[in-house]
Structures are given as C-alpha cells and as structure tokens.
1. Which order do the peptides 178-185, 344-351, 69-76 come out in when sorted by mean C-beta neighbours inside 10 angstrom, highest first?
2. Using 0.36 nm per residue of separation minus the Cα-Cα distance, give me the extension gain between Q233 and Q91 in nm, one decimal.
3. Report P(r) for the chain: all Cα-Cα distances, bin width 20 Å, range 0 to the bin holding the largest distance, values in whole percent.
4. Can you give the local net charge around D173? Use residues other than it whose beta-carbon is closer than 10 angstrom to its beta-carbon, Lys and Arg +1, Asp and Glu -1.
5. Cross-link partners among aspartates and glutamates for K396, C-alpha distance below 12 Å, same-chain residues fewer than 8 apart left out?
6. To test your reading of the geometry: what angle, between 0 and 90 degrees and rounded to tens, separates the Cα axis of helix 204-213 from the longest principal axis of the chain?
7. Can you return the lysines within cross-link range of K68? Criterion is Cα-Cα under 20 Å, with same-chain partners fewer than 8 residues away left out.
8. Over the chain, what relative contact order in percent results from Cα pairs under 8 Å that are six or more residues apart?
Amino acid sequence: MNLAFWPAADSLNVQSTMTMSNRDLSRRKFIASTSAFLLASQLPAAEKETGLADASKLALEGGPRSVKKTPPKPIRWGEPERERLLAMLNQNSLLYWKAPQTTLLIERFKEHCPLKYVMNCSSGTAAVHIAIATAGIGPGDEVITTPVTDMGSVIGILFQQGVPVFADLNPHDCNLNVTDVERKITSRTKAILAVHLGGNPCRLNELKALAEKHKLILIEDCAQAWGTKYQDQPIGTIGHIACFSLQDSKQITCGDGGLVASSDDRFGPLLQRFGDKGIDRVNVKTPTEVLATNYRMSEPQAAVAAAQMNRMQAIASQRAKLGDLLTKEITGVAGISSHQVDEHDRCTYYFYMLRLQLNKFSCGREQFVKALNAEGVTASAGYIPEPLYKKPVFLKHAFFAGRWPIKEMGLTSMDYGKASCPEAEAILQTCVLLRINEAMDEEYIRNAGAGIRKVAKHFAV
Ligand SMILES: *Cc1c(COP(=O)(O)O)cnc(C)c1O
C-alpha cells in the first residue's frame, strides 16, 4: 500500500474563523462556551473579541480547532544512514552476498527477530513471493489469507500458480477470523498467510494450532508490523516463515526493500535461492534446480536498511504508546469502535483503524472525516477501496495475459465473483484511518481524541 491517500499534513492546517453570533447560542451552549472561554487561553483573536467561543462548535463550521498545533513531519534519516552509505561507497562490489552492509543488516534484524535464516530482498512483495515459493506452493494449491491487505500479499501466490482463498475478518481487530479460516480449509489448502494489519498481530496461537492440525504452513506477512509483539514475542517468530517490507510508507524503510526469514530447516536454506535466480550462493557449483526470479537487494539499500534497523524500536514504541493512548481517548464514545488490540500484544500502528457505526450518526463517513480534518486530525475515509477479490483482475481471473491457466486446466474451481467476506466489506465501508507517527506527541493525540469526541457528539443522533 502506498500512503498517497493520506492528506498532506500541511493541507489540513486550515484556520478556523468565528462566524457564529450571540443570538444563535442556546443557553446550554452559552454556558459551555463561556466556561470554555475562561479555560482557553489560545483562542483565535476573533473568538476573544466576541467572547463567545463555543468549544463544541465544529471547526468545519467556524468553531475552534481541536488540534492547535500540527505535528511536525518525522525526521526519517540522518547521520547513521549517511555513515553507512559512505562505508558502502568504499566497497568495490555492491552485490549482497557476504557483503558488509547486508551482513550488518541481517545481524541487526536478528537482534529484533531472532530467526536462523534471513534473506534480504527487493520488496515486501518479493519477500512474500520467496516465502510462497519456498513453502512449495504449486499449481492449484490454496493459500488462505485476508482480502483486506496490500496486493503484495497475494502477488507471489498467483505467480506460483497458487490460489488465494479469502477468509473473513474479526470486526474490531480487522485481522483473520480463525473460525472462518478453518471453514475455508480444503484438501488443496497448503498454507495460511497471516497479515498483521496496521501492525496489529493476528491470533497467532490459534492460527498455529490450526496449521498444525491440518499440516499447513503458516506464513506471517509482517510488512506493516515492524516492532509488533504477539504476547511478548517478536512478530515473525511464531509462524514458519516471516516476511517484512522496507517500502517507504512502512515504519522503517530504505526506499524499497524486504526481508524474509525462517528458523525452519525445511525452508530456511531455500530462501536465498528463491530470491536470487535459483543460484545457491553457499555452494555455487550446485546446479540450478528451481525457477526463481531476481529479487536481490543491493548494498546501497542494505546500508540504509541497516541504519534504519537501529531506529526501529524507538519508532515502534512511540507509535505503540500513541495509538494505545488514542484508544483510551475514544473508548466509550457512542458510535465509534476503537482499533482493538489484545492487552498482551503490542500494536505499532502502521495506521490506526477505527470504525463508525453509521446508524448512530446523522452524517456519512466522508462528512465525518471532513469534519475531523477541519479539527486538525489527520484522518482518511477507508483503506483500500474494496476487498482484493473485487478488483477487476480477480473478477475476470485475468492474471496471465487475460487468462488463468490453472482454472482452464481444471486445477482450481475458484470463482472470485462468488467470493464474499461480509465483515471485511463492512470494515472497508465504515473504517476511518488515523495517521500515527513517531513525530507526534501525547498532546496531539489528546487533542485528536478531543476532536473525534467533538465530531462524534455533533453528529450523534
Ligand atoms: C506494503 C505491504 C506489502 C508489500 O510490500 P512492498 O515492499 O510494497 O512490496 C505486502 N503486504 C502488506 C501487508 C503491506 O502492507
């Protein structure tokens, strides 16, 4: 996913103007407004002059903004990255194999995610593709996953001639519903791809038990989950294979990049080959036995990624703290469900996803978000426009030059036109994404919380 849909912070810096007159005020509002006036010292000049600042009035309608100070943009790189890049420039080869930047990157990655085999690669999409190929997914094999994710989660499945099978989600953590995953298991199922949406971990113990019961491979898509913990364990360490992305929108980045890792001796040694044209770099004389594409990450990316790895915990813990605080701020607000995170887990909020119960409001989601933006809250209506199975490429089964050979050959009877995940669809129609990043502070979150409460109250029916 790229974050092009996020409104630029600057564009949200709309100054409010006071337009309401004295006569418009009800007695209740008058009391609220005058006490707010006594408390508030930072009111715009116009409000001070009239003395009638109504704190409950929407910024959209000329009331005071809930967020007084737009948070700064995060400073994402600096001296540590420069140092690594300069070291890289002194090398006479930029190929990854046993190279200094890659070695350091993998060493640092293992400090956070202690897995035995690690392959760095060109993207999160590449990481998932390598995992799928390594897991031995072949023509007609089914992989159960969520329809609410980045296309990168399923591209590798399709290229290996596997079949993504979409399972429904839990309403409030927006991750795979284990009961529905079990329902979707058939004799063709080979793997479960668990996507930790927004940095919120899936119910991994349940998924692992299900995988064991049905002899399935559990792959974790941790692309949005840097620093996430599942019951105090680092994300990526529960499943058989873990995939990470270093794309620009993720918590840490080198522009584009990825990592794929495993401690399983069946899969681990193959990760490198499936990311490097089938070449076995450990034993280069080994004849090529598999078809694999070139997903190598080169040393310039690895240099930046290695430096970013040292920033990861600080970024993750700040995001976790702020997101959890936002939940406290909006818990109990009528019509709003917060992003549900288990108390034993750490969510690192790639985004914060709340849901609106639209029948509790007199406005639609777009209007609600417009009002939030006017309050200075960085929010957007929705995540991806529709579940993956509703994209034309799925509806038309047009994966390979307009065709789907495995369907033509009778290796699958999948019909994406019949796919239905009602909760996933409801999530996409009612969710509001709030941006959380490490440059924000608790004051911003408290004000954002106040903004959400104010808008919810205003539109409450
Ligand atoms: C970003 C993302 C990917 C793909 O990563 P890229 O590096 O962009 O290829 C895969 N899965 C999820 C859940 C993502 O958010």
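The values are calculated or read from the model by the stated rules, or taken from the named source; none is laboratory data. In this text the structure is predicted, and so the values were computed from the model without any measurement. Cβ atoms come from the backbone with ideal geometry, glycine included; neighbour counts cover every protein chain shown. Accessible surface is based on the protein model in full, side chains and every heavy atom, while ligands, DNA and RNA are left aside. Shrake-Rupley method; radii C 1.70, N 1.55, O 1.52, S 1.80 Å.
1. Packing proxy ranking, top to bottom: 344-351, 178-185, 69-76.
2. Stretched out fully, the Q233 to Q91 stretch lengthens by 47.5 nm.
3. Spelled out per bin, shortest first, that is 24, 50, 22, 4, 0.
4. Once positives and negatives cancel, what remains is -1.
5. D415
6. 30
7. K48, K57, K370, K454, K457
8. Relative contact order, the chain: 20 percent.
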